[in-house]
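First the structure, in the form of structure tokens, and then the observations on it.
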Amino acid sequence: MKVFVSWSGGKESCLACYHALRRGYEVAYLLNFVDEDGLRSRSHGIRSSVLDLQAEALGIPILHVRTTWGDYERHMKEAIADLKTKGVAGGVFGDLYLPEHRAWNERVCGELGIDAIFPLWGRDPEALLHELINDGFEVQVIASRLGESWLGRRVDDAFIADIQQLDIHPCGELGEYHTFVTHGPIFNRRIHLRPVEKVVRDGTWFLDVEGGLT
């Protein structure tokens, strides 16, 4: 089955892509939503140019869909409908446990006759973090509600140990932190990030980055 992957650049969307490929799905597109000027992702404010590096490293084309939050559903449906004309029959999502998120994606896809696929659903979050490490993914924190000191941290055994001391979802499913994947078993090249600046908005710290490929 030809599918798209709902793409944020972070660990869950990347792991969902990884599992979809291992299950034999043909991942034809990464689907990302950006702000009105197209320069940054709508969800985490990552530069579109940096997400393009991921697509190049993966060898999978990325579609950047411009939208406001108010028009998000309409633009998502338009994008998926267009992908359906290209033979896409399913959408892959990295949701872990929030039923309302899963239900929303299932409804939107269902109204368009597209299968919604959730490879990570119900998985133990700490087991997923260990899978990331053991399978060779390289992941950095690029947004944090846990404080500035978490920005730029690599997801490794020390990271997991520190996360376990906090009363949060280990994978940050409630927005406690967000990540960016720079390498892994499905990447053909490695992304090197260059920090530009740290900014704080509405209690969340963001690490603005540029990058290159090697």
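All of the numbers you see were taken from the coordinates with simple rules; none came from a lab. Since the model is a prediction, treat every value here as computed from it, not as a measurement. As a convention, Cβ positions derive from the backbone with ideal geometry for all residues, glycine included, and neighbour counts pool all protein chains shown.
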Counting sequence-distant residues (5 or more places) and residues on other chains, those with an amide H built under 5 Å from that of Arg145 are Tyr177, Trp205
Where in the stretch 193-212 is the amide nitrogen less than 12 Å from a point lying 7 Å along the Cα-to-Cβ axis of Leu166?
-> 204-205
Tilt relative to the chain, helix 11-22 - C-alpha long axis, 0 to 90 degrees, to 10 | 50 degrees
Using the 10 angstrom Cβ neighbour count as an exposure proxy, how do Val92, Val196, Val108, Val5 rank, fewest first?
-> Val196, Val108, Val92, Val5
Dividing the mean separation of Cα pairs under 8 Å (6+ apart) by the residue count of the chain yields a relative contact order in percent of 21 percent
When the chain is fully extended, how far beyond the present Cα-Cα distance does Asp135 get from Asp37, taking 0.36 nm per residue of separation?
-> 31.7 nm
So what's the gap between the Cα centers of the stretch 1-55 and the stretch 141-174, to the nearest angstrom?
-> 21 Å
With a ≥ b ≥ c the root eigenvalues of the C-alpha gyration tensor of the stretch 125-213, is it rounded (a/c under 1.5), prolate (a/b larger than b/c) or oblate?
-> oblate
For Thr67, Thr182, what's the fewest-to-most ordering of other Cβ within 10 Å of each Cβ?
-> Thr67, Thr182
Against the longest principal axis of the chain, how steep is helix 99-111, in degrees 0 to 90 to the nearest 10, with axes from Cα atoms?
-> 30 degrees
Kindly work out what percent of the DSSP beta bridges joining two residues of the chain are antiparallel, to the nearest 5.
-> 55 percent
The relative contact order of the stretch 83-180, taking Cα pairs under 8 Å that sit 6 or more residues apart, comes to a percentage of 24 percent
Mind pulling the angle between the C-alpha long axis of helix 48-58 and the longest principal axis of the chain? Nearest 10 degrees, somewhere in 0 to 90.
-> 80 degrees
List the chymotrypsin sites (Phe, Trp or Tyr not before Pro) in the stretch 1-106 that DSSP assigns to loop (not H, G, I, E or B) and whose Cβ has at most 16 other Cβ atoms within 10 Å. Which are they?
-> Trp69, Tyr97
Residues of the stretch 21-45 with amide N under 18 Å of the 7 Å Cα→Cβ point at Arg74 = 33-38
Gyration tensor (Cα) of the chain, equivalent ellipsoid semi-axes in angstrom | 25, 19, 18
Compute the length gained on full extension between Trp104 and Leu63: take 0.36 nm times their separation in residues and subtract their Cα-Cα distance, giving the result in nm to one decimal.
-> 12.7 nm
Hey, fewest Cβ within 10 Å first, where do Lys84, Lys198 land in order?
-> Lys198, Lys84
